[in-house]
1. Kindly report the accessible area of the chain per residue (heavy atoms of protein chains, probe 1.4 Å, no ligands, DNA or RNA), in Å².
2. Rounded to the nearest 500, what is the chain's calculated 222 nm mean residue ellipticity when only DSSP H runs of at least 4 contribute -39500 (n - 2.57) each, over all residues?
3. Given (1) 8.1; (2) 7.3; (3) 5.9 as candidate values of mean projected area of the Cα convex hull in nm², which corresponds to the one derived from the coordinates?
4. How large a share of the accessible area of region 2-90, in percent, is made up of carbon and sulfur atoms when the probe is 1.4 Å and the other protein chains stay in place?
Amino acid sequence: MADASYIKLSNRRKDDIRKEVYAQAFDVCHEQLRTYAECIHGRLFSVVWTCRAENRALNDCLHPHTSKEKMEEAFGVAERKLNEERRQAR
């Protein structure tokens, strides 16, 4: 049974964590992002077929860093930190 004083993350905090995880992923995949941005520049409908390889490379780079498992891991770390800070404040 869970501790009655255990605090779960708010939806706002989860959203902030998602943004942090995505920012870190884009930092790691900056080269693929730059290549994709160069490809889509000045295009409209043709982006879909013209930049397919660049889009796939960007998604392949981002996925390991933004998967559901990585998000849950980041949420878990934040929850543990929040609860540890709360315990120390008592």
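The values are calculated or read from the model by the stated rules, or taken from the named source; none is laboratory data. Please read all numbers here as calculations on a predicted model, not as lab measurements. Note: accessible area is taken over every heavy atom of the protein model, side chains too, but ligands, DNA and RNA are not part of it. Shrake-Rupley method; radii C 1.70, N 1.55, O 1.52, S 1.80 Å.
1. Details: 7090 Å² over 90 residues.
Heavy-atom accessible area per residue stands at 79 Å².
2. Details: 5 runs with 70 residues, N = 90.
Calculated mean residue ellipticity at 222 nm is -25000 deg cm²/dmol.
3. Of the listed options (1) 8.1; (2) 7.3; (3) 5.9, (1) comes from this structure.
4. Details: 3620 of 6850 Å².
Exposed carbon and sulfur together represent 53 percent of the surface.
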